[in-house]
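Structure, as C-alpha cells:
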Amino acid sequence: MTSRFDEVIDRIGTHSAKWDKMESLFGVSPDGGLPMWVADMDFRPPACVQEALQKMLDHGVYGYFGDDVAYLDAIGWWMKERHGWEVDPASVFTTHGLVNGTGLCIDAYTAPGDGVVLFTPVYHAFHRVIRSAGREVVECPLVLRDGRYEMDFDAYDAMMTGKERLVVLCSPHNPGGRVWSRAELKGVAEFAKRHDLILVSDEIHHDLVMPGQKHLPMALADDGVSERLVMMTASTKTFNIAGAHTGNVIIADPDLRARFAERMGGLGISPNSFGLHMATAAYSPEGAAWVDELTAYLDGNRRVFDEMVNAIPGLRSMPLEATYLAWVDFAGTGMSAEEFTARVETEARIAANQGPAFGQGGESFLRFNFATPRARVEEAGARLQKAFADLQ
Ligand SMILES: Cc1ncc(COP(=O)(O)O)c(C=O)c1O
C-alpha cells in the first residue's frame, strides 16, 4: 500500500538547509547524496496548512499579526485533545522557535557565569545558546542501561556546586528518543526543587511518538513543579513547518511569566504571521489525523532503518520511543570517529549529525534523520551496508 509520504519531492535549490547546505557542511553533494542530518522532514504538511497559506497569498497583504484568539484556541484544543493538558491562554508566549525560547529563558532567569544543567547527550543547540550567553554548561551524563538512556539522580546531586540556576530537559529526548516515564519526570522535578533550579522542558517532539507510546507533559507529572516550570512546545516539528520559526513558551507561574515577558519585550519579539496562520490550521482534527498517519509511517521507516543498520556487525541503532532521529552507536566497529564518519560521508554519501556535538556520551555516535520517503531509507541502509561490508 502506498502512502502520501512515499512521494519523492525534489528540494534541491529551494533554500532548504537540509539539502542546500549539505555540501558546504558535510562535503556530500546533494546530487546523489542523502541528507539525514537536521531535523526537518521531506514531506509536505497537511492540506489544511497549505490552504491557510493559500488564503494569505490570495489576500496578498502581509502586515503585522494581531488578534491571536483563534491561535490560542487552537493551542488549547490541541494540548487538551492530544496530551490531556489544559493550557491557560494567558500563559502562552509566541517566540521565534524554541531555540529562541531557550535563549530567552537563559537571559531572563540566569546571570553570566551561572550553571545551566543538561542531561547529555542532548540536542546540540542548547550547548551553543548557553555558552554564547556566557553561562556554563553543566553536563549530567545519561546512563546507558539495556541499550537505552536513563537518569542517575544520585550522581547528578553529587555534581551540583550551588552555581546552577536552570535545567533544560528534552522530553521526549533528542537524541535517543526516550519518552520519559512519570517516575523519571517526577525525578527531574524533584531534582530541580532540591537544587532550586528553574526547569525548562523542551517538548518539541511531543507529537512524534511511536505507536503505543504516550508522552506525558512535565506540567502534569508533578503537582508542585509549576512554580519553577517553563513548558516549550511547537507545531513546527510536528507539521514540518520549521521555517516558520514559531514556538510556544507556556508559563503558569505569574512571577516567571513577568520576567519572561520583560525580556521578550526588551528584544522586540513579536509573532511571525505566516507561522501563526499555519499553526492555527494545523492544530485541528485534520492535522491530528495527518499526525497519526505520519507517526505510523515513521515507525515503518524506523523498522526498515534499524533492521538494515543492526545487520552490520559493530553498529547498533538505539530503539526509539519517539522522534525520527536514529542514534547509531559505532563503538563496536573499533574505528575512530574520523574513520566511521568518513566512511558514512564519502563512501555512503550520507550527511548525518556527528555525536560529539550532543555532548558527553555522544563520541561514538552518528544521528540519522529518517523522515524521508521509505525508498530513501532503504537506499541509506543499503549504502551503509556497502560502506561497512568488510565487517560482515
Ligand atoms: C529538542 C529540540 N528543541 C528545539 C529544536 C529547534 O527548535 P526551533 O526550530 O523551534 O528553534 C529542535 C530541532 O531539532 C530540537 O530537537
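The values are calculated or read from the model by the stated rules, or taken from the named source; none is laboratory data. Remember, predicted model here, so these are calculated numbers, not experimental data. FYI the Cβ positions are ideal-geometry reconstructions off the backbone, even for glycines, and counts take in every protein chain you see. Only protein heavy atoms, including side chains, enter the accessible area calculation; ligands, DNA and RNA are left aside. Shrake-Rupley method; radii C 1.70, N 1.55, O 1.52, S 1.80 Å.
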* Asked: Within the stretch 3-23, can one find any residue that is in contact (Cβ under 8 Å) with a residue 60 or more places away in the chain, open to solvent by 60 Å² or more (accessible area, probe 1.4 Å) and hydrophobic (A, V, I, L, M, F, W, C)?
  -> yes
* Asked: Quick one: in the stretch 321-336, which of the residues that are free of Cβ contacts under 8 Å to residues at least 40 places away in the same chain and not in a helix (DSSP H, G or I) is surrounded by the most Cβ atoms within 10 Å (Cβ to Cβ)?
  -> F330
* Structure fact -> The correct count of residues that are in contact (Cβ under 8 Å) with a residue 40 or more places away in the chain, in contact with a strand residue (DSSP E or B) (Cβ under 9 Å, 6 or more places away or on another chain), open to solvent by less than 10 Å² (accessible area, probe 1.4 Å) and farther than 16 Å from D42 by Cβ in the stretch 366-392 is 3
* To do: Evaluate the stretch 118-138: report whether one residue or more is assigned to a helix (DSSP H, G or I), within 15 Å of the ligand (Cβ to nearest atom) and farther than 22 Å from L267 by Cα.
  => yes
* To do: State all residues of the stretch 236-271 that are touching a residue at least 40 places away in the same chain (Cβ under 8 Å), open to solvent by less than 60 Å² (accessible area, probe 1.4 Å) and in a helix (DSSP H, G or I); if no residue qualifies, say none.
  => T236, K237, T238, F239, A242, L256, R257, F260, A261, M264
* Which residue, of R178, R194, is away from the ligand (no atom under 16 Å from the Cβ) and over 21 Å from N248 (Cα atoms)? -> R194
* Structure fact -> Within the stretch 216-235, the residues that are within 16 Å of the ligand (Cβ to nearest atom) and part of a strand (DSSP E or B) are V230, M231, M232, T233
* To do: Look through A289, A221, A261 and report the one residue that is aliphatic (A, V, I, L, M), at pLDDT 95 or above and closer than 23 Å to G66 by Cα.
  => A261
* Which of (1) touching an Asp or Glu at 6+ places or on another chain (Cβ under 9 Å); (2) surrounded by fewer than 21 Cβ atoms within 10 Å (Cβ to Cβ) is the odd one out, the single condition L34 does not satisfy? -> (2)
* Asked: Is there a residue being within 15 Å of the ligand (Cβ to nearest atom), farther than 14 Å from M231 by Cα and not in a helix (DSSP H, G or I) anywhere in the stretch 73-93?
  -> no
* Structure fact -> Note on E203: of the conditions (1) closer than 24 Å to D255 by Cα; (2) away from the ligand (no atom under 13 Å from the Cβ); (3) open to solvent by less than 30 Å² (accessible area, probe 1.4 Å); (4) under 21 Å from the mean Cα position of the chain (by Cα), unmet is (2)
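Rundown of residues vs (1) under 30 Å from L57 (Cα atoms); (2) in a helix (DSSP H, G or I); (3) at pLDDT below 95; (4) among the small types (G, A, S), yes/no style:
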position	(1), (2), (3), (4)
A281	yes, yes, no, yes
D306	no, yes, no, no
P319	no, no, no, no
E338	no, yes, no, no
R376	no, yes, no, no
* Among (1) touching a residue at least 40 places away in the same chain (Cβ under 8 Å); (2) within 16 Å of the ligand (Cβ to nearest atom); (3) surrounded by fewer than 23 Cβ atoms within 10 Å (Cβ to Cβ), where does R343 come up short? -> (2)
* **Among residues of the stretch 139-175, those that are more than 20 Å from the chain's Cα centre (by Cα) and within 16 Å of the ligand (Cβ to nearest atom), counted** => 0
* Output the residues belonging to the stretch 29-69 that are within 16 Å of the ligand (Cβ to nearest atom) and small (G, A, S). => A39
